[in-house]
Amino acid sequence: VQLQASGGGLVQAGGSLRLSCSASGRNFSSGVMAWFRSGPGWEPEFVSAIWRTDLTYYADSVKGRFTISRDKAKNTMYLQMNSLKPEDTAVYYCAASTSIILASLREGGQYSEWGQGTLVTVSS
């Protein structure tokens, strides 16, 4: 199983980026996929997740600015990030699971599969 994250880059504050996470080796169309991020000196934090029923969940810090979605036919997840702020600067990781429970949605340790991360840098 492999998750391949892409789409990171350098953007000015207020700009937008779209991250992609392509899965291979297992079909996650009926599973849960999520984004986490990690920056220098801080623990990885939950950003967003899309549930089996395609319900979406967001961290308060990104709600209203980020949108998670997926294309089940392509086994690919996306994160549209708008109105980016310098504090959004981090390495963004995608994660997936076919067995996670809803109560553990925001816990990175509960996801069995992880991508390699893509760096997002937002300049002020």
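The values are calculated or read from the model by the stated rules, or taken from the named source; none is laboratory data. Keep in mind the model is a prediction, meaning the values are calculated, not measured. Cβ placement follows ideal geometry from the backbone for every residue including glycine, while neighbour counts extend to all protein chains displayed. Protein only, heavy atoms only, side chains kept; ligands, DNA and RNA dropped before computing areas. Shrake-Rupley method; radii C 1.70, N 1.55, O 1.52, S 1.80 Å.
Listing for the model above:
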item: Distance (nanometres) between label positions extended 7 Å along Cα→Cβ at SER104 and SER29; result: 2.6
item: Per-residue ³J(HN,Hα) for region 55-72, Karplus 6.51 cos²θ - 1.76 cosθ + 1.60, θ = phi - 60°, Hz, x for Gly and Pro; result: 5, 10, 9, 9, 5, 4, 5, 10, 4, x, 10, 10, 9, 9, 7, 8, 10, 5
item: Percent carbon-and-sulfur accessible area, the chain, ignoring ligands, DNA and RNA, probe 1.4 Å; result: 49
item: Cα-based convex hull, region 1-73, per residue volume (Å³, whole number); result: 116
item: For the chain, projected area of the alpha-carbon convex hull averaged over all directions, nm²; result: 6.8
item: Backbone HN-Hα couplings from phi across region 16-32 [Karplus 6.51/-1.76/1.60, Hz, Gly and Pro as x]; result: 9, 9, 10, 8, 10, 9, 9, 9, 9, x, 7, 8, 9, 4, 9, x, 10
item: Per residue solvent-accessible surface (Å²) - region 1-42, probe of 1.4 Å; result: 46
